[in-house]
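For reference, the structure discussed in these notes is given below.
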């Protein structure tokens, strides 16, 4: 072990501490990567990786177009019509209201894969609905935030695009390979959360409505959207159009390669047409959303790439890979436990998963694993860790809507996330 290796270890520890203290994620990762590259006397390694990451065509096209479409869906309020349509039959489901609300959230998450965006769309309706039915606010919030795993079925989600690029395969093929695992893990999470609700005695029909006053109508000082009383079916279908197009062309029209960007653009055209929104305002919103997608999502990917480049320059990655080569099972455990624990500590699953997948996953074959399998494992594990962290943005959002502490929500989500992480490790 060289002195640069041990200096890099110190930098990594300081990086984790800075992320726990909620410093800007991109700043922390960029700074850490540059410091490690400088200590290793290879500063250009970090800058070269920065250039490479910020011009990665496949990532930019898919992620930015997906975020642009999401911005248009939000502007036209098609997402709210989808939520209203899905929640109408739920009012008299009894104890089964919890898994029903979880399923609704899961379906919406496929169309709105952003955790905060999905929770902002469904939580103002589902949490009060559950509270009035006799569920305590904390478990109502947990039912929403813990049910976004199906978002991994969306071809535009950044982790799918990133892992597919590493594995040299189409995004839709990656999703198809792990779709049954994703759905199975979702079902497991709902079952465990329902059992946790019964253990905590969080469902008391005799107290229906007793906690309704605790549920606030704002979160973070921002007004929450009101759902339409009569949802429009054509509006509600708009968020699902790109996903449907990608699946249809992949399964039944394989001769035509439908890209993620093409599907998102067609989805935008459909949303504008059915809502009769001004095209100039819609296009402006689409490109604004693309810019935010580059800044907020690709920004983390770029920063994680610089961080990984610093690790490589310091010799940490080579040492880690050499160890994993001689202990294959540890590589799989590291892919699950590393992103999971870091996400719990920091509230961000993206930073942990992207850093691991950038540095380690490309070498999966050298220690007996497949790139797509290890990449999927790290991405999912980071997501599960985030959903049992009181620091996660989505967790804070639903806790604010429910009027409870994020820690109270975490007590309900933690058993489900631990069970899902264990099952993920066993299945992959």
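The values are calculated or read from the model by the stated rules, or taken from the named source; none is laboratory data. Remember, it's a predicted structure, so these values are computed and weren't measured experimentally. Don't worry about glycine lacking a Cβ; one is built from the backbone with ideal geometry, like all the others, and counts go over all protein chains shown.
Using the structure shown, decide if residue 74 is under 30 Å from residue 279 (Cβ atoms), buried (at least 23 other Cβ atoms within 10 Å of the Cβ) and at pLDDT below 90. Break it down stepwise before answering.
On the way: under 30 Å from residue 279 (Cβ atoms): yes; buried (at least 23 other Cβ atoms within 10 Å of the Cβ): no; at pLDDT below 90: yes.
No, not satisfied.
Please count how many residues of region 270-285 are surrounded by fewer than 14 Cβ atoms within 10 Å (Cβ to Cβ) and in a helix (DSSP H, G or I). Steps first, please.
Start the filter on region 270-285 by keeping residues that are surrounded by fewer than 14 Cβ atoms within 10 Å (Cβ to Cβ), which leaves 273, 276, 278-281.
Cutting the leftovers down to in a helix (DSSP H, G or I) gives us 273, 279-281.
Number satisfying all stated conditions: 4.
Could you tell me whether region 48-56 includes any residue that is assigned to a helix (DSSP H, G or I), at pLDDT 90 or above, touching a helix residue (DSSP H, G or I) at 6+ places or on another chain (Cβ under 8 Å) and farther than 21 Å from residue 390 by Cα?
Yes; the residues of region 48-56 include at least one that is assigned to a helix (DSSP H, G or I), at pLDDT 90 or above, touching a helix residue (DSSP H, G or I) at 6+ places or on another chain (Cβ under 8 Å) and farther than 21 Å from residue 390 by Cα.
Answer yes if at least one residue in region 88-97 is more than 24 Å from residue 293 (Cα to Cα), modelled with pLDDT under 85, in contact with a helix residue (DSSP H, G or I) (Cβ under 7 Å, 6 or more places away or on another chain) and buried (at least 18 other Cβ atoms within 10 Å of the Cβ), and no otherwise.
yes
Just checking, does region 93-102 include any residue being under 22 Å from residue 393 (Cβ atoms) and assigned to a helix (DSSP H, G or I)? Spell out how you get there, then give the answer.
Taking region 93-102 and keeping what is under 22 Å from residue 393 (Cβ atoms), we get 101-102.
With the extra rule that they be assigned to a helix (DSSP H, G or I), the set shrinks to 101-102.
Yes - at least one qualifying residue is present in region 93-102.
Could you identify the single residue in 29, 34 that is surrounded by fewer than 22 Cβ atoms within 10 Å (Cβ to Cβ), assigned to a helix (DSSP H, G or I) and on the phi < 0 side of the Ramachandran plot?
Details: 29 fails: surrounded by fewer than 22 Cβ atoms within 10 Å (Cβ to Cβ).
Going through 29, 34 in turn, just one is surrounded by fewer than 22 Cβ atoms within 10 Å (Cβ to Cβ), assigned to a helix (DSSP H, G or I) and on the phi < 0 side of the Ramachandran plot: 34.
Which members of region 76-92 meet the condition of being part of a loop (DSSP other than H, G, I, E, B) and either under 18 Å from residue 115 (Cα atoms) or without any contact (Cβ under 8 Å) to a residue 12 or more places away in the chain (or both)?
77, 92
Answer with yes or no whether residue 419 is in contact (Cβ under 8 Å) with a residue 24 or more places away in the chain and assigned to a helix (DSSP H, G or I). Please lay out each step first, then the result.
Values: in contact (Cβ under 8 Å) with a residue 24 or more places away in the chain: yes; assigned to a helix (DSSP H, G or I): yes.
Yes.
Which residue is farthest from the chain's Cα centre (by Cα), if the candidates are limited to region 205-245 and must be at pLDDT 85 or above and loosely packed, with under 13 Cβ neighbours inside 10 Å?
Residue satisfying both the conditions and the ranking: 230.
Out of everything in region 107-125 that is crowded, with 24+ Cβ neighbours inside 10 Å and modelled with pLDDT of 85 or more, what residue ends up being nearest to residue 293 (Cα to Cα)?
Within region 107-125, the match that is nearest to residue 293 (Cα to Cα) is 109.
Which pairs do you get when a residue that is touching a residue at least 60 places away in the same chain (Cβ under 8 Å) and on the phi < 0 side of the Ramachandran plot, found in region 273-291, comes within reach of a residue that is crowded, with 19+ Cβ neighbours inside 10 Å and not in a helix (DSSP H, G or I), reach meaning Cβ atoms under 8 angstrom, with the pair 6+ apart or on two chains?
Here the result reads 275/77, each pair linking region 273-291 to a residue that is crowded, with 19+ Cβ neighbours inside 10 Å and not in a helix (DSSP H, G or I).
Of all residues in region 19-41, count the ones that are farther than 8 Å from residue 310 by Cβ and at pLDDT 85 or above. Full working, then the answer.
Step one: of region 19-41, the residues farther than 8 Å from residue 310 by Cβ are 19-31, 38-39, 41.
If we keep only those that are at pLDDT 85 or above as well, we get 23-24, 26-31, 38-39, 41.
Result for region 19-41: 11.
For region 380-393, name all the residues that are crowded, with 24+ Cβ neighbours inside 10 Å and assigned to a helix (DSSP H, G or I).
Filtering region 380-393 for residues crowded, with 24+ Cβ neighbours inside 10 Å gives 380-389, 392.
Scanning region 380-393 gives 380, 381, 382, 383, 384, 385, 386.
Could you please let me know if residue 10 is modelled with pLDDT under 85, in a helix (DSSP H, G or I) and surrounded by fewer than 19 Cβ atoms within 10 Å (Cβ to Cβ)? Can you show your working first?
Working: modelled with pLDDT under 85: no; in a helix (DSSP H, G or I): yes; surrounded by fewer than 19 Cβ atoms within 10 Å (Cβ to Cβ): yes.
In short, no.
Got a sec? Which of 134, 189 is surrounded by 22 or more Cβ atoms within 10 Å (Cβ to Cβ), in contact with a helix residue (DSSP H, G or I) (Cβ under 7 Å, 6 or more places away or on another chain) and touching a residue at least 12 places away in the same chain (Cβ under 8 Å)? Spell out the reasoning first.
On the way: 134 fails: surrounded by 22 or more Cβ atoms within 10 Å (Cβ to Cβ).
When all the criteria are applied, what remains is 189.
What about residue 365, is it in a helix (DSSP H, G or I) and without any contact (Cβ under 8 Å) to a residue 12 or more places away in the chain?
On the way: in a helix (DSSP H, G or I): yes; without any contact (Cβ under 8 Å) to a residue 12 or more places away in the chain: yes.
When the stated conditions are applied, residue 365 passes them.
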